[in-house]
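Visitor: Structure in structure tokens, see below.
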Amino acid sequence: MKKKVRAIGEVSLSAIEDQWQRDATAAAIAGARGVVQTDGPIPPGTPIGRLSETEWGWIIVTVLFAWIDKRAEQATAENLDTERTIRMTALDPQPWDAGAVAAILPELADACADIVDWSKPLAQWPREIMIEFLLKAMPLIRKAVIARDLSDKGITRKSSAGAIARQANAAAGGPLMTPDEFNDEIGI
């Protein structure tokens, strides 16, 4: 295997991505600090243990919005898909994946009710049960990830009433059109 030799001064893509991640984190921290000010909603010196749920909400929202804002800036600057860029967190597992897995847990528990003894710790499950459990989980996770990725809803996309109506029509076996779209005149 031959290592690619970069020209002097050429920056790797991972170094650029790392810088964007650092910038997004710095923006998030600055956002949180902006909430904690003398004239801000949270006075400086307020003990963390005394923050109300509303005050925690202000901190979390400013952190998230500042981080998303910086990642959207990256997407624009690098001509990338905004939704995917915002989802890239450099975390393993990705929070988006953890959310999809969490969504299938009730269905997975139902699907495995006959094979898993839920009173036993995971380490005591026989190998065959573990394999069967994971094989039941895989298609459910795959389905949840596909549903998440194909959704019209997202951080940067709004789901319109028309999109919802089209999805409902398609789910019922109808066309991907809303009734009012059938009345559009065709210009000749």
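Visitor: Taking 0.36 nm per residue of separation and subtracting the Cα-Cα distance, what length does fully extending Phe65 through Trp125 add?
Guide: 17.3 nm
Visitor: Sticking with this one: For Arg50 and Arg142, FRET efficiency with R0 = 45 Å and r from the beta-carbon atoms, rounded to 0.05?
Guide: So the FRET efficiency works out to roughly 0.50.
Visitor: How much of the accessible area of the range 33-92, probe 1.4 Å, is carbon plus sulfur, in whole percent?
Guide: 58
The values are calculated or read from the model by the stated rules, or taken from the named source; none is laboratory data. Predicted model, so just to flag it, every value in this text is computed and none were measured. Backbone-built Cβ (ideal geometry, glycine too); neighbour counts: all protein chains shown. Side chains are part of the model used for accessible areas, which takes the heavy atoms of the whole protein and leaves out ligands, DNA and RNA. Shrake-Rupley method; radii C 1.70, N 1.55, O 1.52, S 1.80 Å.
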